[in-house]
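The structure appears right after this line, and notes come after that.
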């Protein structure tokens, strides 16, 4: 399958008609997003049919990708999902400047609007999140990936390179594409460009025309292999290296099956590692911010579509049904979790702003605030001023009574002249500050009580660092000074600096878990089923962090490039309580071996349960005790071997701070 997107001739008229009808929607959505304080990249929207969407999904949203069978496989998989399951791809947006987004021609009007508002928020996140900027800022993704595709295609057409050999090499590299260091700056490894010492020694031995007996006695193959250790390898890596692809791009060699030894990589082989590694770094921020990014887009989509009535009256039920499906899908739902966390960030910041002002009321302290100030009445006083909640063409004159900073007087004048439809686009009559008050989170029905739930310890922490107390004579006076943009400002600050791991670590609090009823679960060896293991927020956080740390995959680092003084690679699994699948580990060692050329060693920890212990546990209805031991797996190009590590080596692999097991002591009792 070639890496490009095609237009389906039979649907061209429908596509053009739909594109024309959506032009105004796109313009209005961008204007509303910017009015709400978002700063998105420019977005190019493409109206396509369902087959084009499936192909775009298969290619990661780009029109050109390197030649490989994975794209055809992804296309077939996505086509079957689209045809035989209720799951649908409503939107696909590509992180670039400008962004590219695909709209399916068969979407109804409400869904098209939902997708467009969702995409605008994604484009804001792409532009303003540090993790995206670290690896994609100033990076022309479409042009770079197209250039990679063209370069790899040229390798496939070279007379001295077999096309299938290129695809097999790509297979190996992409199987390791998550083995990068997504938390460090991207560096391009330098190519030494020279033959290894062993290659030179082999040539010299051959020129000496020694007899087979002398050669086998003195210059054995084992001895030659040991010389295949570049002096540089003695000191690399200086510290454990997480970017395995980068390390292999700089120091790796290719395994030659015919000779059974390591040889220098061809130029195209090393080049492909570097290109696909660069693509892995491009896609890394999307994996690192899935909850943040989807939650951010869901939050602002909801604000625009529902709270600002971007979905018109005859579209609202269709939109509500669409959003319900997205937010209620099975499994760990990044849209739902992310949206709830963003709402919590907003509520927290707004509560902090309000209580800080109230603590400055004369005579107020953390100990007496609940008695001195009726917080339920405070919530009522925070309600948006009239007519913010009910803007329409009939309330234009009432806007004159509001402070100037809340009203867009230019658009108000145009509304009076009939150039702005105040009933359809009330948001045009307000400034950013006016919209913040119109949508103030602490006055929403679902957030009633959030202000009253402020804890004494939270108040004390705030009060401890306050210098200007006794500023206000009354609570009413204090509330007049409340900054209604505090919640949105806090959200944008968090959006700028966090990724999923730091986001969850900081904002998934005990209060959040209790409010939303989250829990942790474990698989029972005794029953063969999953059971709730904890409702404590620390355990819930553990499980979520396990899911998102390192893309939810094991962390394996390069600890040595000259293990056993034979140029062998030493990898170490940084054990977090979750053992490796040993079959998968062995398959991975085989792939790494193709890019290193010499033996690969991996230290890890395995867990197992003796059969007698399992039987006893099942009879007693208790979870069996598991035995852990350290293992060294080794692959030399022909066979896998393993040995058990001694106690000292085993303990070096353990990090008690990274145990994600949430089984209580009385598990299943």
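The values are calculated or read from the model by the stated rules, or taken from the named source; none is laboratory data. Computed from a predicted structure; not experimentally measured. Every residue, glycine among them, receives a Cβ derived from its backbone with ideal geometry; neighbour counts consider all protein chains shown.
Tabulated values for the structure
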| read-out | value |
| --- | --- |
| Qualifying residue in the stretch 450-465 (condition: buried (at least 17 other Cβ atoms within 10 Å of the Cβ) and over 17 Å from residue 365 (Cα atoms)) | yes |
| Residue match in the stretch 412-430 (condition: over 37 Å from the mean Cα position of the chain (by Cα), exposed (fewer than 15 other Cβ atoms within 10 Å of the Cβ) and part of a helix (DSSP H, G or I)) | yes |
| Single residue of the stretch 562-584 satisfying the filter (at pLDDT below 95 and in contact with a helix residue (DSSP H, G or I) (Cβ under 6 Å, 6 or more places away or on another chain)) that is surrounded by the fewest Cβ atoms within 10 Å (Cβ to Cβ) | 566 |
| Condition broken by residue 594, with the remaining ones in (1) at pLDDT 95 or above; (2) within 30 Å of residue 332 (Cα to Cα); (3) surrounded by 19 or more Cβ atoms within 10 Å (Cβ to Cβ) satisfied | (2) |
| Matching option when the condition is farther than 24 Å from residue 146 by Cα, assigned to a helix (DSSP H, G or I), under 24 Å from the mean Cα position of the chain (by Cα) and modelled with pLDDT of 95 or more, among 292, 305, 275 | 292 |
| Number of positions in the stretch 179-188 that are out of contact with any strand residue (DSSP E or B) (no Cβ under 9 Å at 6 or more places or on another chain) and at pLDDT 95 or above | 1 |
| Meets criteria (in a helix (DSSP H, G or I) and either at positive phi or not assigned by TED's automatic domain parsing to the domain that holds residue 491 (or both)) for residue 161 | no |
| Candidates 637, 630, filtered to the one that is buried (at least 17 other Cβ atoms within 10 Å of the Cβ) and part of a loop (DSSP other than H, G, I, E, B) | 637 |
| Boolean, residue 469 is at pLDDT below 90, surrounded by 14 or more Cβ atoms within 10 Å (Cβ to Cβ) and over 22 Å from the mean Cα position of the chain (by Cα) | yes |
| Number of positions in the stretch 346-393 that are touching a residue at least 40 places away in the same chain (Cβ under 8 Å), part of a helix (DSSP H, G or I) and either under 39 Å from the mean Cα position of the chain (by Cα) or not assigned by TED's automatic domain parsing to the domain that holds residue 441 (or both) | 19 |
| Selection count where residues are surrounded by fewer than 13 Cβ atoms within 10 Å (Cβ to Cβ) and touching a residue at least 60 places away in the same chain (Cβ under 8 Å), scope the stretch 109-149 | 0 |
| Output for the stretch 401-411, where each listed residue is in contact with a strand residue (DSSP E or B) (Cβ under 7 Å, 6 or more places away or on another chain) and either outside any loop (DSSP other than H, G, I, E, B) or without any contact (Cβ under 8 Å) to a residue 12 or more places away in the chain (or both) | 406, 407 |
| Candidates 433, 437, filtered to the one that is closer than 22 Å to residue 306 by Cβ and surrounded by fewer than 19 Cβ atoms within 10 Å (Cβ to Cβ) | 433 |
| Single unsatisfied condition, residue 587 versus (1) without any contact (Cβ under 8 Å) to a residue 60 or more places away in the chain; (2) out of contact with any strand residue (DSSP E or B) (no Cβ under 7 Å at 6 or more places or on another chain); (3) surrounded by 18 or more Cβ atoms within 10 Å (Cβ to Cβ); (4) more than 21 Å from residue 296 (Cα to Cα) | (3) |
| Flag if residue 3 is at pLDDT 90 or above, in contact with a helix residue (DSSP H, G or I) (Cβ under 8 Å, 6 or more places away or on another chain) and either under 29 Å from residue 313 (Cβ atoms) or assigned to a loop (DSSP other than H, G, I, E, B) (or both) | no |
| Selection from the stretch 36-58 of residues that are closer than 24 Å to residue 133 by Cβ and either in contact with a strand residue (DSSP E or B) (Cβ under 9 Å, 6 or more places away or on another chain) or surrounded by 18 or more Cβ atoms within 10 Å (Cβ to Cβ) (or both) | 36, 38, 40, 41, 42, 43, 44, 45 |
| From 639, 610, 649, 623, residue being over 19 Å from residue 574 (Cβ atoms), out of contact with any helix residue (DSSP H, G or I) (no Cβ under 9 Å at 6 or more places or on another chain) and in contact (Cβ under 8 Å) with a residue 12 or more places away in the chain | 610 |
| Any hit, the stretch 547-555, residues being in contact with a strand residue (DSSP E or B) (Cβ under 8 Å, 6 or more places away or on another chain), surrounded by 15 or more Cβ atoms within 10 Å (Cβ to Cβ) and not in a loop (DSSP other than H, G, I, E, B) | no |
| Residue ID - modelled with the lowest pLDDT, chosen from residues in the stretch 647-669 that are assigned to a loop (DSSP other than H, G, I, E, B) and in contact with a strand residue (DSSP E or B) (Cβ under 8 Å, 6 or more places away or on another chain) | 668 |
